[in-house]
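Written below as structure tokens is the structure these notes are about.
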Amino acid sequence: MINNRPNIFEFATKELSQDAVFCYILDCFNDLTKKSIATEFLNLIQVPYVDEIQQLEIKRQQDNIDIKAIVTYKDGTRKYIIIEDKVYSSIHDNQLQRYKDGTIKREQCSADNIIGIYFRIGKPQEWERKACKEADFSILDYESFLTYIETAATADLI
């Protein structure tokens, strides 16, 4: 156990397992009885105007992106959440910027419509932090995510 507390990543040790956890949480947005699980996660990753979201669609492994969530607001505007998670590896080959540029091209949107999230068990190294900053990706550290899971479980959201 990392830090002597229950840790979902002790069990979800493969990237696709972790992707499934994130997809499940995001998909809860589309279920009225579980919507608060996703709402709290969207707040954690700083998606703006969560209360104005009408629909959330999830794409897995589209253009090699681990997870892309398409957020449609009530006014018809869209945001694209790109989640890149790593297990026993790290970013490479300008990956984050390529995913962002590919989404801009595919979705015909601007960089302002993209919310990039980089998740890695453990602390990202300084060069990873720099790459995230250059590509305008936020780092979701696993401690913050575990706190979110624990809070959601305590509140009977999960």
Cβ-Cβ under 9 Å, sequence separation 6+ or interchain: first residue in region 43-62 and at negative phi and surrounded by 16 or more Cβ atoms within 10 Å (Cβ to Cβ), partner part of a loop (DSSP other than H, G, I, E, B) and of a type in the set (V, I, T). Which pairs?
I53/V47
Of the residues that make up region 67-89, is at least one part of a helix (DSSP H, G or I) and open to solvent by less than 50 Å² (accessible area, probe 1.4 Å)?
no
Selection from region 29-38 of residues that are open to solvent by less than 70 Å² (accessible area, probe 1.4 Å), over 14 Å from A153 (Cα atoms) and touching a Leu at 6+ places or on another chain (Cβ under 9 Å):
F29
Working carefully through the options K68, K79, find the one that is under 12 Å from the mean Cα position of the chain (by Cα), modelled with pLDDT of 95 or more and either closer than 20 Å to T147 by Cβ or among the charged types (D, E, K, R) (or both).
K68
For region 98-146, give me the residue count where each residue is open to solvent by 50 Å² or more (accessible area, probe 1.4 Å) and part of a helix (DSSP H, G or I).
12
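The values are calculated or read from the model by the stated rules, or taken from the named source; none is laboratory data. Source: prediction; values computed, not measured. Virtual Cβ from ideal backbone geometry, glycine too; neighbours counted across all protein chains shown. Just so you know, the surface numbers come from the protein's heavy atoms only, side chains and all, with ligands and any DNA or RNA stripped out. Shrake-Rupley method; radii C 1.70, N 1.55, O 1.52, S 1.80 Å.
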